[in-house]
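Accompanying notes for the structure given below.
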Amino acid sequence: MQKTFLIWGAVYGALAVVLGAFAAHALKRIADEATVNVFHTGVEYQFYHAFALLAVGILFGSFPSAWMIRSGWCFVIGTILFSGSLYALTALKINGGSIGVAGVLTPVGGLFFIAGWVCLVLGLLRK
């Protein structure tokens with residue numbers, strides 16, 4: 001299981017670099033500053049949780065438990081929901097669409113992040 005989270009963390013990290021470069025170069029030309037800031041928040045939290053997934057993958061070797069596995073999956077899902085919804089909101093705003101369900105997913109993703117950190121603490125305390 002630890003390899004799974006290491007892979008997710010590495011993929012999320014690589015994608016965050018690509019998306020950050022896109023925001024710095026191309027997005028600034030087609031979106032206003034507030035929209036770019038929303039996108040940047042998605043990239044920032046994706047980076048944070050890429051590192052969190054790498055940590056879970058490494059820590060699992062010393063602290064193997066269901067709590068660590070739950071932590072990793074909460075970070076994976078939280079990143080998809082939180083950062084993904086912010087990317088979707090950015091695309092909708094640029095194209096003049098309505099926010100729709102994307103706006104609801106952001107706080108749900110945030111709850112998954114919180115749950116992931118709580119599960120990580122519990123996983124560390126279980127040994």
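The values are calculated or read from the model by the stated rules, or taken from the named source; none is laboratory data. Quick caveat, the model's predicted, so the values are computed rather than measured. Counting neighbours? That spans all protein chains shown, and the Cβs are built from the backbone with ideal geometry, glycine included.
Pairs linking a residue in region 93-106 that is assigned to a helix (DSSP H, G or I) to a residue that is among the aromatic types (Phe, Trp, Tyr) and crowded, with 18+ Cβ neighbours inside 10 Å, with Cβ atoms under 7 Å and 6 or more positions apart or on different chains, are THR106/PHE82.
Filtered by the rule that a residue be among the β-branched types (Val, Ile, Thr), crowded, with 18+ Cβ neighbours inside 10 Å and more than 15 Å from LEU6 (Cα to Cα), region 78-92 gives a lone residue, THR90. Counting only residues that are surrounded by fewer than 17 Cβ atoms within 10 Å (Cβ to Cβ) and on the phi < 0 side of the Ramachandran plot, region 93-116 holds 13 of them. Taking the numbered list (1) on the phi > 0 side of the Ramachandran plot; (2) touching a Lys or Arg at 6+ places or on another chain (Cβ under 8 Å) in turn, CYS119 passes all entries but (1). Out of all the residues in region 25-46, is one or more under 26 Å from VAL118 (Cα atoms), hydroxyl-bearing (Ser, Thr, Tyr) and either surrounded by fewer than 16 Cβ atoms within 10 Å (Cβ to Cβ) or touching a helix residue (DSSP H, G or I) at 6+ places or on another chain (Cβ under 9 Å) (or both)? Yes, that holds for at least one residue. Only residues that are without any contact (Cβ under 8 Å) to a residue 60 or more places away in the chain and outside any helix (DSSP H, G or I) were counted across region 1-44, and they come to 1. ALA91 fulfils the conditions (1) more than 18 Å from GLY123 (Cβ to Cβ); (2) within 13 Å of the chain's Cα centre (by Cα) except for a single criterion, (2). For region 62-73, a residue qualifies if it is over 12 Å from PHE5 (Cα atoms) and either among the charged types (D, E, K, R) or outside any helix (DSSP H, G or I) (or both), and the qualifying residues are SER62, PHE63, PRO64, SER65. Going through (1) surrounded by fewer than 21 Cβ atoms within 10 Å (Cβ to Cβ); (2) in a helix (DSSP H, G or I) one by one, VAL56 falls short only on (1).
Set side by side, the residues PHE82, PHE39, PHE51, PHE75 differ, and just one is more than 11 Å from the chain's Cα centre (by Cα), of a type in the set (Phe, Trp, Tyr) and at pLDDT 95 or above, which is PHE39. Looking only at region 90-127, which residues are hydrophobic (A, V, I, L, M, F, W, C), under 19 Å from ARG29 (Cα atoms) and in contact with a Leu (Cβ under 9 Å, 6 or more places away or on another chain)? Hit for region 90-127 is ILE94, nothing else.
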